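Inspection log for the structure reproduced underneath, given as structure tokens.
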Amino acid sequence: MELNKTFFNKLAVSEKIVFFTGAGISAESGIPTFRGKDGIWNKLKPEELANFNAFMRNPQMVWEWYNHRKKIIHESNPNAGHIAIAEFEKYFDDVTVVTQNIDNLHRRAGSKKIYELHGNIERNYCIDCKTFYNKELDFSEGVPRCKCGGLIRPDVVWFGEFLPADQLEASEKAAINSDIFFVVGTSAVVYPAAGLVYTAKRSGSYIVEVNIEETEVSSIADISFFGEAGKVLPEILEEVKKVKEKRN
Ligand code: OAD
Ligand code: ZN
């Protein structure tokens, strides 16, 4: 891949890199995305699964769905896209991953600084006393309950809920300070997460989009690569190596 001069030069002078990722980065690991051709939300309604009232109405059903997703996630592995992102840390001092995914694949690929905007499927907590239960839960007697009697739910963000404030604030800071802000595999339609792209843009960051198709933020991207993240990111990484060799 031949990079355009502006992006190539930008890579040479940049220090702070952010990767803002969505379901598309994990698509090649076999984890279905939410929107698009084979998206989960084509078949299922978010309001029947990913919200607190749905959980109170039918915790069993919501848990079945999350346990199904957990199984898919456990059977999957980081792909070339996650691995390329982790490798960026060899070439830049400050690399931050801000993800909307709950699947742990960035961590498993070796990325160190990760902010999770929508929670993590490996954690659970009691809806009444907020005690965390991060070990394997026992479903043999129905939906697991806390010592206090409260229902245990997955620690993921549902529609209508606030994002974890510390993760969002840290992500905003990273977006503001970034030199290059990669937007990878996200439709960029779910807020407040998607707002980070505009925050980065307003702060003068160079916006690089990687997606298989155009999105809501393509028009504000400084450069777009339309292709699979697992193919495009390793190619960009190869260019990074050239940039850095040239400088040394
Ligand atoms: P979406 O499913 O909305 O978007 C996935 C994006 O990935 C689309 O833009 C696809 O074109 C793109 N894509 C698919 N395969 C790709 C590949 N191999 N390489 C690169 N891009 C690819 O997922 P998100 O944007 O993450 O929230 O969705 C945001 C939030 O909506 C999720 O975190 C979830 C969902 O409802 C909650 O559950 C709170
Ligand atoms: Zn409790």
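Results for (1) out of contact with any helix residue (DSSP H, G or I) (no Cβ under 8 Å at 6 or more places or on another chain); (2) more than 23 Å from V183 (Cβ to Cβ), shown as yes or no for each residue.
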| residue | (1), (2) |
| --- | --- |
| E48 | no, yes |
| H82 | no, no |
| E87 | no, no |
| K90 | yes, no |
| N101 | no, no |
| G110 | no, no |
* Is at least one residue of segment 167-177 part of a loop (DSSP other than H, G, I, E, B) and either buried (at least 18 other Cβ atoms within 10 Å of the Cβ) or among the hydroxyl-bearing types (S, T, Y) (or both)? -> no
* Asked: What do you reckon, is L163 within 16 Å of ligand 1 (Cβ to nearest atom) and part of a loop (DSSP other than H, G, I, E, B)?
  -> yes
* Asked: Out of the residues in segment 152-166 that are open to solvent by less than 20 Å² (accessible area, probe 1.4 Å) and more than 30 Å from V208 (Cβ to Cβ), which is nearest to ligand 2 (Cβ to nearest atom)?
  -> I152
* Structure fact -> Counting only residues that are out of contact with any Pro (no Cβ under 6 Å at 6 or more places or on another chain) and within 16 Å of ligand 2 (Cβ to nearest atom), segment 75-133 contains a total of 10
* Look at V232 and say whether it is open to solvent by 10 Å² or more (accessible area, probe 1.4 Å), within 19 Å of the chain's Cα centre (by Cα) and among the hydrophobic types (A, V, I, L, M, F, W, C). => yes
* Can you tell me how many residues in segment 202-219 are more than 18 Å from Q100 (Cβ to Cβ) and in contact with a strand residue (DSSP E or B) (Cβ under 6 Å, 6 or more places away or on another chain)? -> 2
* **The listed residue being more than 16 Å from ligand 1 (Cβ to nearest atom) and not hydroxyl-bearing (S, T, Y), out of L196, L151, L117, L168** => L151
* For A200, state whether it is under 29 Å from Y66 (Cα atoms) and modelled with pLDDT of 95 or more. => no
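The values are calculated or read from the model by the stated rules, or taken from the named source; none is laboratory data. Nothing here was measured: the structure is a model prediction, and the numbers come from that model. Please note: Cβ atoms are built from the backbone with ideal geometry, for glycine as well, and neighbour counts cover all protein chains shown. When the accessible area is computed, the model is the full protein with side chains, heavy atoms only, and any ligands, DNA or RNA have been set aside. Shrake-Rupley method; radii C 1.70, N 1.55, O 1.52, S 1.80 Å.
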